[in-house]
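The values are calculated or read from the model by the stated rules, or taken from the named source; none is laboratory data. Please read these numbers as outputs of a predicted model, since none were measured by experiment. Neighbour counts run over all protein chains shown; Cβ positions are idealised from the backbone, glycine included. Side chains are part of the model used for accessible areas, which takes the heavy atoms of the whole protein and leaves out ligands, DNA and RNA. Shrake-Rupley method; radii C 1.70, N 1.55, O 1.52, S 1.80 Å.
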Amino acid sequence: MEIIPGRGVDLVKIGDHRSRVEELIGLPHHGPGGERAVYNTSPMLVITYAADGTVGLVEISYSGEGGDAEAQFDGVQLTHRFLDDVVSDLHARGYTSTPSNIGHDFHAGFAVWSMHSLWAGNLDPAAGEDDERAISEGVSVAPYAYFNEG
């Protein structure tokens, strides 16, 4: 699933109304009517709605399948890879970011992050038990200002 920095993905964009989202992809399987809703797409979408029922944040979770089943941007697989590799690839393409407590916020309008729920061994069979490399578990898409509200 290709992200559109600062805007969302093809299916869901910042500012779309909940009714439009649910018309396109169905009811959420978790969080119906709430501020955050989880949709059964591949990869999974987590949408945060503003008080007026419009999309404020689009999050894409890792699928664990790799390739096109993961979040993508500008030829870079963003999820289910080592976070440092994702950030390095994006920086090599000229995208700039600021570190956050869980990943990197990119000025283009998205963030890559890890909650450390996956272990390096999920990607590298040779990883030792003490391997602390973070795996990119998700991407959040919104205007850059969203990530720096404070």
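Nearest 500 deg cm²/dmol is fine: what mean residue ellipticity at 222 nm does the chain get from its DSSP H runs of n ≥ 4 alone, each adding -39,500 (n - 2.57), divided by its residue count? Before the final figure, lay out the partial values.
Numbers: 3 runs with 22 residues, N = 150.
My calculation for the chain gives -4000 deg cm²/dmol from helical runs alone.
Under unit Cβ charges (Lys, Arg +1; Asp, Glu -1), what dipole magnitude, rounded to 20 debye, does the chain have relative to its Cα centre? Spell out each step's value before the answer.
Working: 8 positive and 23 negative charges, 105 e Å.
It works out to roughly 500 debye.
Separation of segment 1-21 and segment 50-85 by C-alpha centroid, Å?
12 Å
Ordered by packing density, taken as the mean number of other Cβ atoms within 10 Å over each peptide's residues, highest first, how do 81-87, 94-100, 104-110 rank?
On the way: 81-87: 18.1, 94-100: 13.0, 104-110: 21.9.
Descending packing order for the listed peptides: 104-110, 81-87, 94-100.
If Rh is defined by the Kirkwood formula over all Cα pairs and Rg also comes from Cα, what ratio Rg/Rh do you get for the chain?
0.97
Please work out the average accessible area per residue across the chain, using the 1.4 Å probe convention, and give it in Å².
Working: 7560 Å² over 150 residues.
Ligands and nucleic acids excluded, the figure is 50 Å² per residue.
Which FRET efficiency, nearest 0.05, do H30 and T98 yield, Cβ-Cβ r, R0 35 Å? Show your work: numbers first, answer last.
On the way: r = 30 Å, r/R0 = 0.87.
Calculated value: 0.70.
Once the Cα atoms of helix 83-92 and of the chain are each reduced to a long axis, what angle between those two axes, in degrees from 0 to 90 to the nearest 10, is obtained?
80 degrees
How large is Rg over Rh for segment 1-81, taking Rg from the Cα atoms and Rh as the Kirkwood inverse mean of 1/r across Cα pairs? Provide the component values of the computation, followed by the final result.
Values: Rg = 12.3 Å, Rh = 12.7 Å.
Reported Rg/Rh, Kirkwood definition of Rh: 0.96.
Ignoring GluC sites (Glu not before Pro) that are buried or in helix or strand per DSSP, and keeping those with at most 14 other beta carbon atoms within 10 Å, what is the longest stretch of the chain between them? Walk me through the numbers on the way to the answer.
Numbers: sites that count: E35, E65, E129, E132, E149.
Maximal segment without exposed cleavage sites: 66-128.
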